[in-house]
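Encoded as structure tokens, the structure appears first; notes follow it.
The values are calculated or read from the model by the stated rules, or taken from the named source; none is laboratory data. Quick caveat, the model's predicted, so the values are computed rather than measured. In this analysis, Cβ positions are derived from the backbone assuming ideal geometry, glycine residues included, and neighbour counts consider all displayed protein chains. When the accessible area is computed, the model is the full protein with side chains, heavy atoms only, and any ligands, DNA or RNA have been set aside. Shrake-Rupley method; radii C 1.70, N 1.55, O 1.52, S 1.80 Å.
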Amino acid sequence: MSIKLAVLGLLLERNMHPYEITLVMKDRRMDQIMKLQMGSLYYAVDKMSQDGLIEAVEVISSKDRPDKTIYSITDKGKNIFEQLILQQIKKNEPVFHPLYIPLALSRYVDQGKLAELLNERVLKAEHDVNLAYQIYEEHIPLVPRSVLHVMYGRYEHCLTELKWLKRLYADVLANKLSDTGTPLDTEA
């Protein structure tokens, strides 16, 4: 559903070719908040066209390249888009982080190996924080506030992840994962 929602939303901004939609999605780093694959995007565009949610408005021909079909959102597509937005905003699903289960059981593995992997994750998380903020700043003059909220929210999530990973890493280095009865140092 997220690919359909994204395509319809971007076509509300302007008419586009599927490849251009992908470029906009990558520029806005939407690939960081949803699974994005070219094949699934083209399939979604074809399906939405068959379902009457979007329509071809122009075909640009070139001698040395395949034809480019430019799409526009239809009235039916606008109605479906609104329904999808409201359904998604209404949802309140729990977060299933891929580290939760391994973390709960990590006291049973080699702490040196765990520390090494966590250090790598901390370094990547630091990069993600910096990148998310850079993307937010670069897009301030380019996108509507609704998009800025997504970008800044991504930045805040990255900050939270980094803080969490650093706290976990410190406990691993201090050999505290098996400790019981002491609260976490949440101020660090």
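Taken together, LEU142, LEU148 contain a single residue that is open to solvent by 90 Å² or more (accessible area, probe 1.4 Å) and out of contact with any helix residue (DSSP H, G or I) (no Cβ under 6 Å at 6 or more places or on another chain), which is LEU142. Restricted to helices (runs of 4 or more DSSP H) entirely inside the range 68-166, those with at least 2 residues that are touching a Leu at 6+ places or on another chain (Cβ under 9 Å) are 75-90, 111-139. Applying the condition of being open to solvent by 60 Å² or more (accessible area, probe 1.4 Å) and in contact (Cβ under 8 Å) with a residue 40 or more places away in the chain to the range 61-103 and asking which residue is nearest to the chain's Cα centre (by Cα) yields GLN88. Scanning the range 17-31 finds no residues that are assigned to a helix (DSSP H, G or I), in contact with a Gly (Cβ under 7 Å, 6 or more places away or on another chain) and among the aromatic types (Phe, Trp, Tyr).
Within the range 48-59, is there a residue that is hydrophobic (A, V, I, L, M, F, W, C), in a helix (DSSP H, G or I) and out of contact with any strand residue (DSSP E or B) (no Cβ under 6 Å at 6 or more places or on another chain)? Within the range 48-59, none of the residues are hydrophobic (A, V, I, L, M, F, W, C), in a helix (DSSP H, G or I) and out of contact with any strand residue (DSSP E or B) (no Cβ under 6 Å at 6 or more places or on another chain).
A single member of LEU23, LEU53, LEU5 is farther than 21 Å from GLU82 by Cβ and among the hydrophobic types (A, V, I, L, M, F, W, C), and it is LEU23. Give me the pairs, please: first residue somewhere in the range 152-169 and open to solvent by 50 Å² or more (accessible area, probe 1.4 Å), second residue anywhere and aromatic (Phe, Trp, Tyr), beta-carbon distance under 9 Å, and either six or more positions apart or on two chains. Close Cβ pairs satisfying both conditions: TYR152/TYR133; TYR152/TYR136; ARG154/TYR136; LEU159/TYR133. All conditions but one from (1) at positive phi; (2) part of a helix (DSSP H, G or I) apply to ASN175; the one that does not is (2).
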